[in-house]
Amino acid sequence: MRDIGELSRQFHVNAEWGTGGNFPRFLAHMRGKKVLLLADPNTRPLAEPLLSALRQECEVTELVYPEREPVADERTVQRAIARAEGQDYLLAAGAGTLNDIAKYAGHCTKKPSGVFATAPSMDGFTSGVTPLIEKGAKITRTAQVASDVLMDAKVLCSAPKIMRGAGVGDVLAKYCCLTDWRVSARLTGEEYNAEAAALMEEAVRRCEEAVPALAEGKEEGVRPLMDALLVSGFAMSMAGNSRPASGAEHHMSHYLEMDFLRRGLPIPLHGIKVALGTLVSLYLYKNLQHMPPFSGCEYVYREAEKLPPVEEAERIFLSLGCPVRFSGIGVSKETVRAMLLNAYKIRDRFTILTLYRRCGFMEKILDETVERFS
Ligand SMILES: [Zn+2]
């Protein structure tokens, strides 16, 4: 695989590993600037060594959200935008949500942003869009890519196991979404970017090899996982859309997320929901051979064969403490059923769910899929 440092430079991202706040490239770049730190009560203590080093170089103001788990909604984003006035740079100490807030607030105020990654839990570090909750619904807004991604192996290794599991969920999902993409290219003529797909696939393979080390929280596991999470953003930039990183498994995750929002319940980690969606996608691909033939089926069968068996993915997720049934995140059988029937509507993008819908296969396999994964 291409060196992650070289790749990062190509996309103007400073992906820097350091320990105890020692990030020389970042610190040199911040010299004399005014930096706003965004954190929450969980992530603020982890950023202390970096903040001490940063204060030697520049003026730091802090916005520590009082909530233990802030959400990226109008209120939190507005607070960041208001505090960004007079600042030169927004630095998030966190992973998904805080980075999303910094990327979006930075985009709105035309200031660069970066992230001190506290957990390898999702692939939004280097993506140029950000999911936000507006008026109680989830939408995706254009944002900016983090200019700096600061990684301390000790911090990342000590992130809760479930967060490492969530990161692996978001990475192994790529097996399915890349297959969705290829199948769509073949059956619908959608444009396919082989370079972006190959780059992503190689990073996924390396991450999968590192799962045993990841389960033990070792640095040699965390590094390939972070690489894959960063590559995901770069692959999206290369493709010009989120195809290399998101397919049916993400649509299922988004469907559930909206359901949790509607019910006013806390939303489980993105990567955990995506991992469950990945299991369903794998199951649907593997079961195509039991369905009647359809136009282009030989190609799709061959693609399905290349995918890992559902049981293998389940073993991986279980080894990282992730649930492999929807009941594990409090989703009922009825909701799983509704998700299987409706998640394809989330986005006008051809996936395995669209294929099942168009060919009338979902009704044939609905009951057993609900039972298998509820
Ligand atoms: Zn994702």
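The values are calculated or read from the model by the stated rules, or taken from the named source; none is laboratory data. Worth saying up front: this structure is predicted, and the values here are computed from it rather than measured. Neighbour counts are summed over all protein chains in view; Cβ atoms, including those assigned to glycine, are modelled from backbone coordinates with ideal geometry.
With the requirement that a residue be among the aliphatic types (A, V, I, L, M) and either in a helix (DSSP H, G or I) or surrounded by fewer than 24 Cβ atoms within 10 Å (Cβ to Cβ) (or both), what does the range 229-250 give you? Before you say what the answer is, go through the steps one by one.
Quick first cut of the range 229-250, residues among the aliphatic types (A, V, I, L, M) only: 229-231, 235-236, 238-239, 245, 248.
Correct list: LEU229, LEU230, VAL231, ALA235, MET236, MET238, ALA239, ALA248.
Does the range 205-218 contain any residue that is in a helix (DSSP H, G or I) and in contact with a Lys or Arg (Cβ under 7 Å, 6 or more places away or on another chain)?
Yes - at least one qualifying residue is present in the range 205-218.
Here is a list of conditions, (1) farther than 22 Å from VAL115 by Cα; (2) modelled with pLDDT of 95 or more, and ALA228 meets all of them except one; can you say which number that is?
ALA228 satisfies every listed condition except (1).
Of all residues in the range 157-211, which are acidic (Asp, Glu) and within 18 Å of ARG349 (Cα to Cα)? Show your work before the answer.
We begin by selecting, within the range 157-211, every residue acidic (Asp, Glu); these are 170, 180, 190-191, 195, 201-202, 208-209.
ASP180, GLU190, GLU191 - these are the residues of the range 157-211 that are acidic (Asp, Glu) and within 18 Å of ARG349 (Cα to Cα).
If PHE116 satisfies every condition in (1) closer than 23 Å to PRO49 by Cα; (2) within 16 Å of the ligand (Cβ to nearest atom) but one, which is the exception?
With respect to (1) closer than 23 Å to PRO49 by Cα; (2) within 16 Å of the ligand (Cβ to nearest atom), PHE116 is out only on (2).
Which residues, counting only those in the range 47-69, are crowded, with 16+ Cβ neighbours inside 10 Å and out of contact with any Gly (no Cβ under 9 Å at 6 or more places or on another chain)?
Across the range 47-69, the qualifying residues are VAL60, LEU63, TYR65.
In the list LEU288, LEU307, LEU276, LEU269, which residue meets the criterion of being aliphatic (A, V, I, L, M), closer than 21 Å to VAL211 by Cα and away from the ligand (no atom under 16 Å from the Cβ)?
On inspection, the qualifying residue turns out to be LEU307.
Scan GLY233, GLY296 and give me the residue that is more than 20 Å from the chain's Cα centre (by Cα) and more than 10 Å from the ligand (Cβ to nearest atom).
That would be GLY296, the only listed residue that is more than 20 Å from the chain's Cα centre (by Cα) and more than 10 Å from the ligand (Cβ to nearest atom).
Return yes when ALA72 is at pLDDT below 95 and crowded, with 24+ Cβ neighbours inside 10 Å and no when it is not.
yes
Just for the range 333-364: of the residues that are at pLDDT below 95 and of a type outside the set (Lys, Arg), which one is nearest to HIS251 (Cα to Cα)?
ILE346
What are the pairs, 6+ residues apart or on separate chains, where a residue within the range 1-24 that is free of Cβ contacts under 8 Å to residues at least 12 places away in the same chain has its Cβ under 6 Å from a residue that is surrounded by fewer than 20 Cβ atoms within 10 Å (Cβ to Cβ)?
Listed by first residue and then by second, the contacts come to nothing, as the list is empty.
Residues that are touching a helix residue (DSSP H, G or I) at 6+ places or on another chain (Cβ under 8 Å), at pLDDT below 95, within 12 Å of the ligand (Cβ to nearest atom) and not acidic (Asp, Glu): does the range 237-250 have at least one?
So far as the range 237-250 goes, yes, one or more of its residues are touching a helix residue (DSSP H, G or I) at 6+ places or on another chain (Cβ under 8 Å), at pLDDT below 95, within 12 Å of the ligand (Cβ to nearest atom) and not acidic (Asp, Glu).
When you scan the range 271-374 for helices (runs of 4 or more DSSP H) that lie fully inside it, which ones turn up with 2 or more residues that are assigned by TED's automatic domain parsing to the domain that holds CYS207 and buried (at least 22 other Cβ atoms within 10 Å of the Cβ)?
310-319, 333-342, 352-359
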